[in-house]
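The values are calculated or read from the model by the stated rules, or taken from the named source; none is laboratory data. None of these values were measured; they are calculated from a predicted model. Ideal geometry is used to build each Cβ from the backbone, glycine not excepted, and the neighbour counts take in all protein chains shown. With ligands, DNA and RNA removed, areas are computed over all heavy atoms of the protein, side chains included. Shrake-Rupley method; radii C 1.70, N 1.55, O 1.52, S 1.80 Å.
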Amino acid sequence: MKYTPVQNYINGKFVDPSGSRKIDLISPLDGNLLSTVPLSPAGDLDTAVKAAKAAFPSWSRMPIKERVQVFFRYKTLLERDMKELALLCSEENGKTYNESVAEIEKCIELTEFATSLPQLITGEVLEVSKGVECRTEQVPLGVVASIVPFNFPAMVPNWTIPNALALGNCMILKPSEKVPLSCARLALLLKEAGLPDGVFNIVNGDSEIVNAICDHPGIEAVSFVGSTKVAKIVYQRATQHLKRALALGGAKNHLMVLPDAKTDMTAQNVAASMSGCAGQRCMAASAMVAVGDVDHIIAKICEEVKKIIPGENLGAVINKESQQRIESYITQAEKDGARILVDGRNTVVKGKEKGTYVGPTVIDHVTPDMSVAKEEIFGPVISILRTKTVDEALAIENANPYGNAASVFTQNGGIARYIIDHASAGMIGVNVGVPVPREPFSFGGWNESKFGVGDITGKSSIGFWTKIKKSTTKWNPEAGVNWMS
Ligand code: NAD
């Protein structure tokens, strides 16, 4: 075993869980045992909440300009440890080293946004009547929780950590039990950056801890990122306990490709979008709607896809179960009559025979009723559906229950605008394969890709992590009453 067993992080210290349930942590890259992960009992959550509650008064009363100093330092520590963090991320998640570097760079960008929060929450003040002022302030909620998925071991935790903490909250983070190592490393960096003990805590575990988070009376707000199935469970359970909740779910993103699209640029973008992070991105292109005759572009996409080599510029999928699930989707599509143009099944990487790889796969002549057209596959697979018109393409996109992202590839501005207006997704790309909004813009889908109000990053997250205090003051010496009295 390469690393010592994973521990919880409570009140600034790594501590053993109180229970004995645990699972092995296997690297998807080569099948090697990395560590063991505790599946903590609910009681460990309570210890973490008590620590966070104790830390809240002094942290929340510290001026925000002082709180963000921690994040200026945290950003430089992320930069300092970039290589080490990227290697760890790659080792536990299976993505390539370069993808992991990009992930840490994104953590830095998210932290930079948090350091700008003092400029964004200055509040409002107005003399609403003679000598009478109304003023608003955005104040922290208290102890909050963040539950995260496996596919971005460092970035998704950093969607919530810098903003929620800089705004004055204390946090319990529940990492994915499939990738807990990066979160533990982030905790050490936060401590080194000067974050007071108890402000940030980690409790490792599975659904038992997630359910306990939703139920715990000491937790004010729950943010969740993961599959739609679990997002629904968490959103319903947390709000049933009268908590504020924001739950981001799965995705099935459509790229619409028109005949006037630039061939090389489109092919490169489609190939990169479907295969980046081995297709395990909620923003990955999963379905391509070919509008009219775009055979020349499909041929070029296949050419590009064949340049993507597992174990070189394509990482592994998270585990054996995922590998089998993805391959069975491809097999089912073949049985249903679709044509496999590039087949990534039965991929073995030499020297890493126990790694869990799926090669990039292009499936053509998919029809809307096939499972590869409807369901989230979460692997390096693109399903091509064919339509005659843009409206037919939009009908396919609109009919999907998800709504994270949609993109169009065209040189026609009018059609691009029409698709922005009519696609039923929260994030739209025009000639962009992965339309992730960069800060200060916020990240969040629609429909079954997100439950709750507002988005999880950028300016929109401020409303989620704070509540508004309104004060009305009158300091004029005149006596007398007016409409307010
Ligand atoms: P997941 O839903 O299986 O797990 C997410 C978290 O929920 C983990 O911490 C896990 O321990 C916990 N969990 C799992 N099952 C649970 C249950 N039954 N009850 C309570 N908690 C449970 O997701 P995953 O497989 O880790 O991540 C992949 C999914 O996340 C994909 O569907 C992907 O699209 C989605 N995702 C969405 C976004 C977004 O922004 N919308 C971003 C990243 C990933």
*For the range 261-289, enumerate the residues that are assigned to a strand (DSSP E or B) and either surrounded by fewer than 24 Cβ atoms within 10 Å (Cβ to Cβ) or in contact with a Gly (Cβ under 9 Å, 6 or more places away or on another chain) (or both).*
285, 286
*Across the range 142-152, what is the number of residues that are more than 14 Å from the chain's Cα centre (by Cα) and either modelled with pLDDT under 95 or assigned to a strand (DSSP E or B) (or both)?*
3
*Identify the single condition in (1) within 16 Å of the ligand (Cβ to nearest atom); (2) assigned to a strand (DSSP E or B) that residue 139 does not satisfy, given that it satisfies every other one.*
(1)
*Being in the same structural domain as residue 157 (by TED's automatic domain parsing) and polar (S, T, N, Q), is that true of even one residue in the range 231-238?*
yes
_Residues satisfying the stated conditions in the range 332-351, i.e. assigned to a helix (DSSP H, G or I) and surrounded by 13 or more Cβ atoms within 10 Å (Cβ to Cβ)_ = 332, 333, 334
*Failed condition for residue 229, given (1) within 12 Å of the ligand (Cβ to nearest atom); (2) touching a residue at least 40 places away in the same chain (Cβ under 8 Å); (3) under 19 Å from the mean Cα position of the chain (by Cα), with all others met?*
(2)
*asked:* So if I check each of 13, 75, 22, which one is on the phi < 0 side of the Ramachandran plot, of a type in the set (Lys, Arg) and either outside the structural domain of residue 177 (by TED's automatic domain parsing) or touching a strand residue (DSSP E or B) at 6+ places or on another chain (Cβ under 7 Å) (or both)?
replied: 22
_Being in contact with a strand residue (DSSP E or B) (Cβ under 7 Å, 6 or more places away or on another chain), more than 10 Å from the ligand (Cβ to nearest atom), among the polar types (S, T, N, Q) and closer than 19 Å to residue 466 by Cα is true for just one of 266, 239. Which residue is that?_
239
_Restricting the range 400-424 to residues that are in a loop (DSSP other than H, G, I, E, B) and open to solvent by 60 Å² or more (accessible area, probe 1.4 Å), the residue that is nearest to residue 275 (Cα to Cα)_ = 401
*Would you please name the residue that is nearest to the chain's Cα centre (by Cα), looking only at residues in the range 430-466 that are in the same structural domain as residue 115 (by TED's automatic domain parsing) and basic (Lys, Arg)?*
450
*If a residue has to be out of contact with any Gly (no Cβ under 8 Å at 6 or more places or on another chain), of a type in the set (A, V, I, L, M) and not in a loop (DSSP other than H, G, I, E, B) to count, how many in the range 290-325 make the cut?*
7
*Specify which of the listed residues (361, 410, 387, 367) is in contact with a helix residue (DSSP H, G or I) (Cβ under 7 Å, 6 or more places away or on another chain), over 24 Å from residue 338 (Cβ atoms) and at pLDDT 95 or above.*
410
*Which condition number does residue 203 fail, the rest of (1) open to solvent by less than 10 Å² (accessible area, probe 1.4 Å); (2) over 19 Å from residue 156 (Cα atoms); (3) more than 9 Å from the ligand (Cβ to nearest atom) being met?*
(2)
_the range 336-370: number of residues that are under 22 Å from residue 302 (Cβ atoms) and small (Gly, Ala, Ser)_ = 4
*Just give me the residues in the range 425-469 being open to solvent by less than 30 Å² (accessible area, probe 1.4 Å) and aromatic (Phe, Trp, Tyr), in sequence order.*
443, 464, 465
*Can you list the strands (runs of 3 or more DSSP E) found entirely within the range 1-86 that contain at least 2 residues being among the polar types (S, T, N, Q)?*
33-38
*Are any of the residues in the range 163-174 within 28 Å of residue 284 (Cβ to Cβ), among the small types (Gly, Ala, Ser), near the ligand (Cβ under 8 Å from one of its atoms) and assigned by TED's automatic domain parsing to the domain that holds residue 68?*
no
*Filter result (under 21 Å from residue 272 (Cβ atoms), open to solvent by less than 40 Å² (accessible area, probe 1.4 Å) and out of contact with any Asp or Glu (no Cβ under 7 Å at 6 or more places or on another chain)) within the range 360-377*: 360, 362, 363, 364, 366, 372, 377
